[in-house]
Each structure stands twice: as structure tokens, then as C-alpha cells.
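J.: Below you will find the structure I want to go over with you.
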Amino acid sequence: MAATGALTMAAPVPRKVRERRETRQVFYVRLVVIFAFVAVWEFLSRSGWFFADIIPSLVSIAQALFRLLVNPAFWANLQVTLLEAAAALCIGTFAGVVIGILLGANRFLGAAFEPYLYYFSPTPRIILFPIMIMWFGVGLASKIALGALASFFAVALSTAAGMRQIDKVIIRVGRSFRATPWQMATKIYLPAMRIPVLTGIRLGLGNALITVLLAETKLSNQGLGYMVNTIYQRFDIPTLYALLIIVFIIAGACNAVLGYVARRAR
Amino acid sequence: MGSVQTATRPGVSLDADKPVLIIDDVYKTFGDAEEAVTAVDHVSFDVKPGEFVAVIGPSGCGKSTLFNIIGGMLGEYGGDVRIDGERIAGPHPAVGMVFQEESTFPWRSVIDNVAFPLELRGVAKSERYDRARHFIGMVGLDGFEKRYPSQLSGGMKQRVSIARTLVSNPRILLMDEPFAALDEQTRLLLGDKITQIQQELKQTTLLITHNLTEAVQLSDRIVVMTYRPGKVKRIADIDLARPRTSDVVGSDAFGRHVADIWNDLREEASRGMQESEQVARADRRRG
Amino acid sequence: MRIVAVADRRAPLTATRWFPLTVGALTIVAVGVIFEVLLRIGVLNRYIIPLPSEVLAAFERIVAEEGVIERTGTSAFEVLTAGFACIAVGVPLGVLLYRFNILRRALEDWVAALAAAPIVLAYPLFMVLFGRGSMTVIVIAFAYGLAPIVLKTVEGLSETRSVLINVGKSLNLSEAQMFWKILFPSAIPSIFTGIRLGWTFCVIAVIGVEFLVNLGGLGQLINDLAERYDMPGTYASIGFVIGISMIFFIILEWVEKWLQPAR
């Protein structure tokens, strides 16, 4: 007893030390990677040996970033893009959950239509943009429609899969306590499906955002995608980098927030 | 052998207590007419108030079908299952079910799991929490109210399920092999807990099981079923003194009851084993 | 023996796999017919939606006049070049991250962030860097398809069952033997899942960028026809591209299933 006690007392200390050392090493590796990247970048930019003009100094990118953030036009365009993406996600999620529940609840409907949805979902949605323009015009509506379509598939497919994955015994528990249909829906089915549905929404948001942005670069007169295009045509490379960095951060943040929500729901 | 009776039809029972649950000539077949499989074949027995009855039989004797019929999970069946003269044709408020599979809601804490049936009835939050806490204490999980099922062991999760069913205050507690997934020691200890609760609440209980020791340890009477089609082979009285604890497992009387019931069960179990081996051989022949 | 009889019973038609699929396909055809009727009687606007019969007729035209076969070849070349580059870089990178745990802990999250980043949006930047040609398309597709392969390689290697590794240790395998005889074979299914995802991303990127910047293969075809306001042609070419992509995905999935260990 005494020996094992001593062992378990002694064991945690070296592990903790080792973990701390590893965490420090991870930090150093990251630091080295970042530093090497910055150094190579600045060297290329200042020497002008390769990709002259196209690799601007990081200082000029930072300046461009600052100029963007104080530019009201940037905020107006950001608002348009976020509005489009949010509207697209709402429509796509609503339609996706409804269709997903139908496909998940009815075995025949699922077998008849889900394979088509499944193989259609990873095709490049942006090519449907010409049709969306014909139907909804060149304004916001066509981007929202395309974004909604893009998010619909992810939500519908994961909702249908989530519905089928519900543990059957949990449904029987609800029935055994004589839950009403409404109680079955709100207290059994929806909470039991929450994780796949949230995963679908997270994928759907990513799809909606990128699709809306790409559609804006193709044909638009507002939004961040439009801004990317005009900056490119002005050949204002530092600002192009700065804007893309901002968009990547926004996309990453949206993804992280929904990821956090999904983990909390677990 | 004096403690053993042959099966009696409920109507003939001379017992003073009126049975709360009557299973009268129940049968159930699955599949099409010509190739139907009879799962439950004209089964009759009853359960009196405060009594603990176990239904035991080999795999494939229709125990689970019987469980589902009594719980109202299978709409159509032949014969009658009656509670206070009312025929069961759907989940009945007097029956509380505990399932074999792990069935806690992973998205609810222990206390919200246990309070679930009260929530469905619209009981106010403070009251349902008070009552849930009472039953959480009864199954020995005080202090775990705020935990989630993923943080509990298998035995603890099954106790949450039992508390959740008890909180709905069922007249009959109906359990389908609730400890099947647990190890033998946990099973004996949980058996103690069940005995204790049953005596405290005078809870009428019907336990479906394939575990001999569990059935003898807990029951007042044991209904032994035959292998497919499931018929009542006999009903045995277990006259071990109450209050009981798992210590009873060591007693001579306990051993005699186990041996006695195994005598009947062995024949059925080996029939089941032979038939499933035949099926496996037939499958292999067909490739 | 009754159980055997039950198992022998033929499944009804509605329970087979093809019946529902046919119903699904017929429903899609039926929707086309309904559109045809509504367009012909003037309930729907023919200036927005072409007649489905015209779209079908346009398929022949786009094959004969628009060089669909060569364009498919161009796009396929870009997808395959980017795809194989992704494998050539992604799998060794995954092995490296698996081998050096510190590296993995430092960089795996960054690779995952890259996988979720809207890289295709940076296409103007890639055009500045690599010019207006196939190279740009290939580089974007490569950048887009790389991350899943890296991540799935790491995942596959680290999910090797520990009992297999212990078997290797008990046989005194060298590190190289351990990798080639045990770790790598057991990771192959996961690696191929990564390749399927990565190549799917490559298809999306190639066709998307071709469409957006109007160069090269199938994506450009759609753009051309849309700009000419050739409605049946646009619909037909979109249908063609979707069909080709779906066939590609089905083949990828089929190969992936084939590589799964027997269960």
C-alpha cells in the first residue's frame, strides 16, 4: 500500500514537467515558423528578386489594413456581405432542416432523393450563379439565393443523417412517459439531433459566406467580394492582402463561434 | 419443493389481494400468415399490489415482446393485459418502464433527466426538482445532480433511468433487463438498492430478466418461460424472508431455488442454443 | 426452422435499392415535364427559364460546337495535376506531423484553419502571382485540396490500433519496418478518405476559378454561354458539369469503399 501510494504521489510531477516542456517547445516551433515566414517574406519583398511588386512589405500591408479599418466604405461593404450571408444561412437552414427531417423521418423519401442531394452537394455551386441572376436579378437577391442553396445541402444532409442516428430507445422513453407529439418534437427529437444540425449549420455558414463572396467578385456593385475585385483592378496589392486577411479572419471567427456553440451543446 | 406451485389462471387465484396487473391469455405473432413466428404463446399470470414478480427465460422466449406489450409499445396483440380492468392499448400512465439499453438523455443533467416526466406534466420547476432530488437520493446518487450522463458510469446511468421512472410515481414498475450491461458485482449491489427501494415504496414491480441469481435475489414470484414459442412453463414462489439483502445469495435456501429453476430453464436454454446453431449452419450452407 | 424461412423470404420491391432511386429520378423528370407545360402555357416566363426540351436539345449543340470534350480534358488535367500534387505534398507532410509530435501540436490547428479558409476568394492574388492561365487554376486547387489530405493522414496514422503497434514491437521491427509494414497500411483507408475530400475540393476550385476568371475548361464554357445569353446552352452546360462532377465523386467514393478493410 505504502509503495503504490508513493508511486502515485511521485508520478504526476515528472509528467507535469514534461507537459510544460512540450508546451514550451510547441510555442517555440510556432514562433520559429512565424519568424521564418516573416523573414523570407520581407527578404523577397525588399530584395525584389522574385515576385517583385507582388510581395509587398509587411509594413505596407499593415498600413493598408489600418486604412481599410478606418474607411467607412469598408464597413458598408462588410455589412452588405454579412447581411447576404446571414439571410442566405437563415433561408438555407430553415429549408434544410425541414427537408432533412422529411428525408430522415421517411425511409422511402430518404432512399429516393438523398443520394441525388448527396452527390449534388459537393458540385461547385458558383456555376449556378448565371441562373440565379436570371431569376433574381443582379442585386443582393441573387447572391442570397445562391448562398442559401449552398448552405441548404449541408444542413439538409446532416439533419437527415442526424434524424436517423437518434437512439431508438430515447424515442421509446418519450413514448413510455406519454409525451405529446409537440413534446416529442421539442424535448426528444430536436435535442437529440442538435449536434448534427449544428454541424450542418456550421458547414452551411462557411459555404454561404464563400459563395456570397465569390458571387460578389463575379457581378456586383457592393460587398467585400466586389471590393476585392475593384482593388485587384486598381492593382493595389497591399490592400488586396489586407482585405483578404480580414475576410479570412471573419470566416475563421464565424467557424470558431459555431464550433464553440456545438461543443457547448455536447 | 414445497414452495413451488403450478401455474394458476388468474381468475382461479384464491389470494385476498386483487391483482393490479392481469396478463390474460396474451399472444403475439410476427410476420406474414403462413410464415408467422409466435413470440408470445397464450401467456397468463398476474401481479398483486406490492409484489415483485420476475419473468425469466432464455433469449428468444418472447420476454421483450411481453415487456413491449405491457408497456403499450406494441399496439396489436391477442388476449388482454389489464390494469384495473382497463385493457392496455398504448402507454398507460400506471406503468413506468425502465429499458435494457442505456436510455438517459445525454443533453440533460442528472436532475433534469430525473425530472423529465414531471416536466411533461407541467409541474413547476421548484417542485419537480424537489421530487427529483428525493428519488436521486433514493437511488444513491446525491451530489451528482448537476452531472451529465457522459460523466457517469454504466451502473449510475441505469440508476438515473430508474429514478426517472420512479419519479413519475407508477403503480407498476416494469423493467427489461435493466442490469444486463453491468458486471456481476455491480449487479448484486444494484439488486440490494432495488430491494430496498421496493420495500420502502411498496413498489409493485415486474422484472424481465434472463439472469437466474438476479431473479431469485429480488422476486416474490418467478414466471419461467419456455423457448420459442414463449409459454409459461411454471410459476415459482420464492419464500426467502424479507427484508432481504444480497447476503441471501450465500444461503442454502437461495441455492435450492436457483437449482430448482435452473432445472426447468436448462432444457429451454439448450433448445434455444440448438436452434440458433441450426440457423447458423443453414446460413453457412447458403453462403 | 421457421426463422430460416423468414430470412429466406424475398424482399418486396419497395425495399430494394433501385426502386426508390428510380422513383427519385422519375420525380426529377416529372418536374421537368411540369416546367415544360407551365412554360408552354405561359404561366412561367420563358425569358427566365428555357424549355426543358430546348435544354435537352442544347446538349447536342454544346458537344458539337463548344468543344466540351477538349474542355473536359483541360479541366480534368488541372484537377489531376493539382490532385496528385496534393497527394505528393500532403501525405509526406502528414507523416512528418505524425512523426514529430511537437510539430503536430504546433501546426495541426493551423492546417485545420487553412482547410476552413475561403482560399478560392484569393484568386485575384493568385492571378497576379501566376498569370492568367492553367497554372493559377492548378495552384488554387492545390492550396484548397491540400489540408484534408494532411489532416486525414495524421488521423489515420495516429488511429493505428495500439495492439498492432505492440505486435510490431514484439517482433523487434525497425522504425522503417514499423512504418511500412504496420502504420502506413493501417492508415490507408483514412488517407484515401483525405484524398477523396481533397480531390473533391480540387474539382470545386478548378471549375469555380475557370468560371470566375473565364479561362480554360468547363467553367469557362458556362461563363461564355451565359454572357452570350444562350439560355438553353447555359442550362445544358451547367447540367453537364454537374453530371461530370457527380460521376467523378461516385468513382472516388467507389474506390474509397474498395480500399476499406473487409468488415
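J.: Determine whether the range B:251-271 contains at least one residue that is within 14 Å of chain C (Cβ to nearest Cβ), under 27 Å from B:VAL37 (Cβ atoms) and either at pLDDT 85 or above or assigned to a helix (DSSP H, G or I) (or both). Before you say what the answer is, go through the steps one by one.
T.: Let us first name the residues in the range B:251-271 that are within 14 Å of chain C (Cβ to nearest Cβ), namely B:271.
Then keep just the ones that are under 27 Å from B:VAL37 (Cβ atoms); that gives B:271.
Still in the running and either at pLDDT 85 or above or assigned to a helix (DSSP H, G or I) (or both): B:271.
Yes: one or more hits.
J.: Restricting to the range A:152-180, give me the number of residues that are within 12 Å of chain B (Cβ to nearest Cβ) and assigned to a helix (DSSP H, G or I). Please lay out each step first, then the result.
T.: Residues of the range A:152-180 that are within 12 Å of chain B (Cβ to nearest Cβ), as a first pass: A:166-180.
Remaining after also requiring assigned to a helix (DSSP H, G or I): A:168-176.
Summing the residues that are within 12 Å of chain B (Cβ to nearest Cβ) and assigned to a helix (DSSP H, G or I) in the range A:152-180 gives 9.
J.: Would a scan of the range A:121-138 turn up a residue that is in contact with a Ser or Thr (Cβ under 7 Å, 6 or more places away or on another chain), part of a helix (DSSP H, G or I) and more than 14 Å from chain C (Cβ to nearest Cβ)?
T.: no
J.: Next up: Would you call C:ALA117 in contact with a helix residue (DSSP H, G or I) (Cβ under 6 Å, 6 or more places away or on another chain) and within 14 Å of chain A (Cβ to nearest Cβ)? Working first, answer last.
T.: Values: in contact with a helix residue (DSSP H, G or I) (Cβ under 6 Å, 6 or more places away or on another chain): yes; within 14 Å of chain A (Cβ to nearest Cβ): yes.
It is true that C:ALA117 is in contact with a helix residue (DSSP H, G or I) (Cβ under 6 Å, 6 or more places away or on another chain) and within 14 Å of chain A (Cβ to nearest Cβ).
J.: Go through C:PHE35, C:PHE77, C:PHE84 for me and flag whichever is part of a helix (DSSP H, G or I), of a type in the set (Phe, Trp, Tyr) and not assigned by TED's automatic domain parsing to the domain that holds C:VAL139.
T.: Numbers: C:PHE77 fails: not assigned by TED's automatic domain parsing to the domain that holds C:VAL139; C:PHE84 fails: not assigned by TED's automatic domain parsing to the domain that holds C:VAL139.
The conditions single out C:PHE35.
J.: Which residue, of C:ILE207, C:ILE242, C:ILE250, C:ILE238, is facing another protein chain (nearest Cβ under 9 Å), at pLDDT 90 or above and surrounded by fewer than 15 Cβ atoms within 10 Å (Cβ to Cβ)? Before you say what the answer is, go through the steps one by one.
T.: Values: C:ILE207 fails: surrounded by fewer than 15 Cβ atoms within 10 Å (Cβ to Cβ); C:ILE242 fails: surrounded by fewer than 15 Cβ atoms within 10 Å (Cβ to Cβ); C:ILE238 fails: surrounded by fewer than 15 Cβ atoms within 10 Å (Cβ to Cβ).
Going through C:ILE207, C:ILE242, C:ILE250, C:ILE238 in turn, just one is facing another protein chain (nearest Cβ under 9 Å), at pLDDT 90 or above and surrounded by fewer than 15 Cβ atoms within 10 Å (Cβ to Cβ): C:ILE250.
J.: Looking at the range B:196-218, I want the residues that are assigned by TED's automatic domain parsing to the domain that holds B:SER246 and have a partner that is surrounded by 18 or more Cβ atoms within 10 Å (Cβ to Cβ) and among the basic types (Lys, Arg) with Cβ atoms under 6 Å, at least 6 apart or on another chain. Which pairs are those?
T.: B:ILE208/B:LYS63
J.: Take A:VAL257 and decide whether it is more than 25 Å from A:ALA64 (Cβ to Cβ), under 17 Å from the mean Cα position of the chain (by Cα) and surrounded by fewer than 18 Cβ atoms within 10 Å (Cβ to Cβ).
T.: yes
J.: Another question, if that's okay. Which condition number in (1) farther than 17 Å from A:GLN222 by Cα; (2) away from chain C (no Cβ under 14 Å) is the one that A:ASN71 fails?
T.: Unmet condition: (1).
Per-residue answers, yes or no, for (1) in contact (Cβ under 8 Å) with a residue 24 or more places away in the chain; (2) farther than 24 Å from B:ALA180 by Cβ:
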{"position": "B:ASP80", "(1), (2)": "yes, yes"}
{"position": "B:ASP84", "(1), (2)": "yes, yes"}
{"position": "B:GLY90", "(1), (2)": "no, yes"}
{"position": "B:GLY96", "(1), (2)": "yes, no"}
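J.: Every residue in the range C:84-102 that is touching a residue at least 24 places away in the same chain (Cβ under 8 Å) and either closer than 10 Å to C:THR153 by Cβ or within 14 Å of chain A (Cβ to nearest Cβ) (or both), please. Explain how you work it out, then say what you get.
T.: Going residue by residue through the range C:84-102, those that are touching a residue at least 24 places away in the same chain (Cβ under 8 Å) are C:85-87, C:89-91, C:93-95, C:97-98.
Once the filter is applied, which keeps residues that are touching a residue at least 24 places away in the same chain (Cβ under 8 Å) and either closer than 10 Å to C:THR153 by Cβ or within 14 Å of chain A (Cβ to nearest Cβ) (or both), the range C:84-102 yields C:ILE87, C:GLY90, C:VAL91, C:LEU93, C:GLY94, C:VAL95, C:LEU97, C:TYR98.
J.: Here's another thing I want to ask about it. Does any residue of the range A:190-208 turn out to be facing chain C (nearest Cβ under 10 Å) and without any contact (Cβ under 8 Å) to a residue 40 or more places away in the chain?
T.: no
J.: How many residues are at pLDDT 80 or above, in contact with a helix residue (DSSP H, G or I) (Cβ under 7 Å, 6 or more places away or on another chain) and away from chain A (no Cβ under 12 Å) when one looks only at the range C:1-53?
T.: 6
J.: Among (1) assigned to a loop (DSSP other than H, G, I, E, B); (2) closer than 22 Å to B:VAL43 by Cα; (3) in contact with a helix residue (DSSP H, G or I) (Cβ under 6 Å, 6 or more places away or on another chain), where does B:CYS61 come up short?
T.: Every condition holds for B:CYS61 apart from (3).
J.: Write out, first by first residue and then by second, each pair whose Cβ atoms fall under 6 Å of each other, whose residues are 6+ apart or on separate chains, and whose first residue, in the range A:215-230, is in the same structural domain as A:TYR241 (by TED's automatic domain parsing) and over 20 Å from A:ILE131 (Cβ atoms) while the second is of a type outside the set (D, E, K, R) and part of a loop (DSSP other than H, G, I, E, B).
T.: Hits for this filter: A:TYR226/A:SER220.
J.: Which residue, of C:SER186, C:SER190, is more than 14 Å from every other protein chain (Cβ to nearest Cβ), assigned to a helix (DSSP H, G or I), closer than 22 Å to C:VAL111 by Cβ and modelled with pLDDT under 90?
T.: On the way: C:SER190 fails: modelled with pLDDT under 90.
Testing whether each residue is more than 14 Å from every other protein chain (Cβ to nearest Cβ), assigned to a helix (DSSP H, G or I), closer than 22 Å to C:VAL111 by Cβ and modelled with pLDDT under 90 leaves just C:SER186.
J.: Any idea which of B:ALA215, B:ALA241, B:ALA236, B:ALA280 is exposed (fewer than 14 other Cβ atoms within 10 Å of the Cβ) and within 22 Å of the chain's Cα centre (by Cα)?
T.: The conditions single out B:ALA241.
J.: What tally of residues in the range A:209-242 results from selecting those that are more than 9 Å from every other protein chain (Cβ to nearest Cβ) and outside any helix (DSSP H, G or I)?
T.: 6
The values are calculated or read from the model by the stated rules, or taken from the named source; none is laboratory data. The model shown is predicted, which means the values in this text are computed figures rather than measured ones. Here the Cβ is made from the backbone with ideal geometry for all residues, glycine too, and neighbour counts use every protein chain on show.
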